[in-house]
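Structure first, commentary second.
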Amino acid sequence: MSRDQVGDRVARTDGGTTADQVLEDNGVGQKNDYEGKAYGGSEAALDAIEQYVAEHVADKRIVSSRSIANSATDVRIQEIGKTLGAHLRGDTPDGFLADLEVSKWRDTSPVKWVFTRVAGEADTRRSRQLQKPNLVREITRETDADGTRYEMVNRDGVRWERANTTVGWMRDVLAAVCETVDYQPTAVDEREDLDRREWIEQLTRGGTTDVLERALDIDAPGVRRDWNKETLQTIHDVIVAGRDPSEVGR
């Protein structure tokens, strides 16, 4: 792989399409939600890519931007391509894909990406192989929680399934978590006449998340209305797979 100077930046190429061209071909610099040559990747794409490689790249893997986008929810294919193109330029945040080498497999459209693991290892837990709808399904089967709805979503040529859960479902799952890990909320422990399940039934969505964080010793920042994939993975590890909470806390 050669390295060509572009202004005061270094662009890595493979003898064909340059990193600049990858960015240009994917729309960076156009009048949309993305910046020009200083673009360092969208938060949604950065998270989707890191999640994908953590779950799927054990050694070496060739994959398209579409496949990565399909593995996540609510992230555009273009975002994935632009973010990886920016990574080739060295413009993504420090630490991003630190355990992998990234290159292009070919220059013809659509570009495919080669991820080669140089450190660490892939996470092979079942919860890491499931998308959010199937995490919800398996947790629901295990807990008999009630209150889910599934729908197909289409955006920018990408089609994916979305799982919607009610606060009732969250309460049912929380009750199962508390039972499994033998967690007794302080408010319940201090009152002999207060039943834990009855107390959980009074919680809001945000309240269920607060208690879940304490019960599993995890951090779920920003998850106030609906539990995200990472939170559901932890619940799945404990409730479905039977792992010790100390092994899955984040």
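With r defined as the distance between the Cβ atoms of Asn134 and Glu190 and R0 fixed at 45 Å, what FRET efficiency is calculated, to the nearest 0.05?
Efficiency for this residue pair is about 0.70.
Could you work out the mean projected area of the convex hull around the alpha carbons of region 170-250, in square nanometres to one decimal?
Computed as one quarter of the Cα hull surface, the answer is 4.9 nm².
Measuring from label point to label point, each 7 Å out along Cα→Cβ, what is the Ala58 to Glu247 span in nm?
For the pair Ala58/Glu247, the computed spacing is 1.8 nm.
Given Ile139, Thr180, Val211, which one lies farthest toward the positive end of the charge dipole of region 116-216, if we put +1 on the Cβ of every Lys and Arg and -1 on the Cβ of every Asp and Glu?
Looking along the dipole axis, the top candidate is Ile139.
In region 195-234, what trypsin sites (Lys or Arg not before Pro) fall in a loop by DSSP, with at most 15 other Cβ atoms inside 10 Å?
Answer in residue order: Arg224, Arg225.
For region 125-205, go through all pairs of different Cα atoms, get the mean of 1/r, take its inverse, and jot down that Kirkwood value in Å.
That comes to 14.5 Å for region 125-205.
Treat every Asp and Glu Cβ in region 126-248 as -1 and every Lys and Arg Cβ as +1, leave all other atoms uncharged, and give the resulting dipole magnitude about the Cα centre to the nearest 20 debye.
880 debye
Taking every DSSP beta bridge with both residues inside region 126-248, roughly what % is antiparallel (nearest 5)?
100 percent
Determine the distance separating the Cα centre of region 175-221 from the Cα centre of region 76-122; give it in Å without decimals.
Here the answer is 41 Å between Cα centres.
So what's region 42-95 giving for Cα Rg divided by 2.2 N^0.38 Å, two decimals?
1.04
Counting other beta carbons within 10 Å of each Cβ, put Arg171, Arg162, Arg141 in order, fewest first.
Fewest-to-most ranking of Arg171, Arg162, Arg141: Arg141, Arg162, Arg171.
Can you compute 3J(HN,Hα) from phi for each residue in region 134-148, using the Karplus curve 6.51 cos²θ - 1.76 cosθ + 1.60 with θ = phi - 60°, rounded to whole Hz and x for Gly and Pro?
Coupling constants for region 134-148: 6, 4, 4, 4, 5, 5, 4, 4, 6, 9, 6, 5, 10, x, 10 Hz.
Report the FRET efficiency, 1/(1 + (r/R0)^6), for Arg66 and Val153, where r is their Cβ-Cβ distance and R0 is 22 Å, rounded to 0.05.
Taking R0 as 22 Å, the efficiency between Arg66 and Val153 is 0.90.
Read the figures in this text as sums done on the coordinates, not as results from a lab. Being a predicted model, the structure only gives us computed values, none of them experimental. Every residue, glycine among them, receives a Cβ derived from its backbone with ideal geometry; neighbour counts consider all protein chains shown.
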